[in-house]
Amino acid sequence: MKRIIYYILSGCLLLGTGCSNWLDVKPSTRVEQEEMFSTEHGFKNTLTGVYIKLKSNSLYGKTLTMELTEYLAQHWKSNASELSGYISAYDYENSNVQSIIDGVYTDFYNAIVNVNNLLDFVDNGVLSEDMYKLIKGEALGLRAFCHLDLLRLYGPLPGEQTDKKMLSYAREVSRQNMPVNTWAEYIAFLEKDLNEAETLLEEVEKKGIDDDYFTYRQNRMNYWAVMAVKARFYLWIQNKEKAAEYAKKVIDGVGEQFKLSQPENFTNKDYIASSEHLFSVHVYDLEDITETFIYRSGGVEQTKSLIAELFEGDVTDVRGDGKLWQQLQGVTTGNRYVLMKYKQSEAQVATREQIPLVRLYEMYLIAIECSDNSAVYQPLINQLLTARSISLDMDNAGVDQKNQFVSMEYHKEFYGEGRAFYQYKRRNDEMIMWSNTPGSTSVYVLPVPKSEIKYEE
């Protein structure tokens, strides 16, 4: 039986609404595409379109940061008779849940089509050497980033993969059927993209380009973001040695460009730890999204008792009770215990409208997890204790204690960012915190949309 995924490409070359001139260009023929990529501006606009797609509600603007993946991690209270309850119960057959999962899958591949369309023309000689390295490097990094999250959501549990076909690693624009790859093929393609992106971006990132397109690097797939994604990738495929190597390269190499946020930053209401953002998305309507989803009456919340349990009685932690977690009272909110991370009216202007996707803090956790040598992991733990004013006794932490520390930090630190569910799946945990549902393949592997799969003899 041959498994084929069909991608609907018409209208997918350029996607989005009302954000930039790039949207006015919708090439439907090879000639029109060649015209669009006859100038540097065409390449820039197309790549901008990819970033716009990634920050949409159906991807990282909401679903894969504060909504779907957080419900799957049991981070929000849910109602059994509502959509939240079906997601939290891992009822992937529910039509509304299916719709969300299918939308994520489709939009990822639509973004990848945009990337592949650009890469199909990037060697046409239009771009200067430095701009070529920058745009191609970002594009390859984005393609790898999207495929990694497709793998983390729809792929098999690490360590349980077989030689069967699983997902398509889309590397070209085609109206033909896209072949589905094995784990080994998929991983090889992903690693190749990351390696090439690293090589292309390293030189140009360090020397810079006198071009407005080179600004706001934290909102783009920059060199350090690629290195961090490599650490995340190697950890996912259970190569701890390489994961630690790249995590340490990021920690030791970023200098003053990116650094751990400190308690005073949280005191100043930089709740998103903006200095740590290796890669984030700028969501211009984030206030509207979060006011509806979190802060208004009926928004998501968690019980004070469970959050107290999560923080283990640590009253100094800058992320705990009365800090990132607060009781909201008022006519419009009622009496609710909510995460203040995305409360835009509370944040400094410079830190608003940002959702982090890759952070320096994660690199510390990867480096800590991947070493059982206390001389390596203890100094890193100490830096995190200081950065978050954590009062837990972690002096001379043993291996089991440091592993438990890492596990809990994925909840404390990345609450509302969609990270915890991936850790459950990566480790194939038997139980999910605050859930009565045992962890299993049926829980951890999201179904590929039925409409996207055709079986042929």
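Can you flag which of Lys323/Lys402; Lys165/Lys242; Lys240/Lys269; Lys53/Lys240; Lys133/Lys230; Lys44/Lys259 are past 23 Å Cα-Cα? Pairs exceeding the cut-off: Lys323/Lys402; Lys165/Lys242; Lys240/Lys269; Lys53/Lys240; Lys44/Lys259.
Taking other C-beta atoms within 10 angstrom as a stand-in for reagent exposure, Arg143, Arg419, Arg171 fall in the order Arg171, Arg419, Arg143, fewest first. Each Lys and Arg Cβ is given +1 and each Asp and Glu Cβ -1; about its Cα centre, the range 83-183 then shows a dipole of about 160 debye. Within the shell of other residues whose beta carbon sits under 13 angstrom from the beta carbon of Thr63, the net charge comes to -3, with Lys and Arg scored +1 and Asp and Glu -1. Using R0 = 51 Å, the C-beta based FRET efficiency linking Met431 and Tyr284 works out to 0.85. What you get for the range 240-414, charging only the Cβ of Lys and Arg (+1) and of Asp and Glu (-1), is a dipole of about 240 debye around the Cα centre. Would the range 356-423 count as rounded, prolate or oblate if I go by the C-alpha gyration tensor, calling it rounded below 1.5 in a/c and otherwise prolate when a/b exceeds b/c, oblate otherwise? Prolate, since a/c reaches 1.5 and a/b exceeds b/c. Counted residue by residue at 0.36 nm each, then reduced by the alpha carbon distance between them, the extension gain from Met408 to Thr162 reaches 85.5 nm.
The amide H of Leu357, built 1.01 Å from its N in the peptide plane, has Phe279, Ser280, Val281 as neighbours under 5 Å, considering only residues 5 or more places off or on other chains. Grab the DSSP H runs of the chain that are 4 residues or longer, score each as -39,500 (n - 2.57), total them, divide by all residues and round the 222 nm result to the nearest 500 deg cm²/dmol. Dividing the helical sum by the residues of the chain leaves -14000 deg cm²/dmol. For the chain, the longest principal axis of the alpha carbon atoms and the long axis of helix 183-207 meet at an angle near 90°. Taking Cα atoms, how many degrees apart are the long axis of helix 399-414 and the longest axis of the chain, rounded to 10 and kept between 0 and 90? Once rounded, the angle reads 70 degrees.
Ordering Gln98, Ile272, Ser128 by Cα displacement along the dipole of the chain toward the positive end leaves Gln98 in first place; charges were set at the Cβ atoms of Lys, Arg (+1) and Asp, Glu (-1).
Taking a point 7 angstrom from the Cα of Asn396 along the C-beta vector, which residues in the range 354-387 have backbone N less than 14 Å away? Under 14 Å, as judged by backbone N against the label point of Asn396, lie 374-375 of the range 354-387.
If you plug the beta carbon distance of Ala308 and Gln262 into 1/(1 + (r/R0)^6) with R0 = 25 Å, you get a FRET efficiency near 0.55.
Against the chain, whose longest principal axis is taken from its Cα atoms, helix 95-121 shows a tilt of about 50°. Each label was represented as a point 7 Å from its Cα along the Cα-to-Cβ direction; for Asn373 and Glu202 these points are 2.2 nm apart. Taking a Cβ cut-off of under 11 Å around Val399, the surrounding Lys, Arg, Asp and Glu residues balance to a net charge of -2, with basic ones at +1 and acidic ones at -1.
Here, each number is a calculation from the coordinates, and none is a lab measurement. Not measured: the values here are computed from a predicted model. Note that each Cβ is placed from the backbone with ideal geometry, even for glycine, and that neighbours are counted across all protein chains shown.
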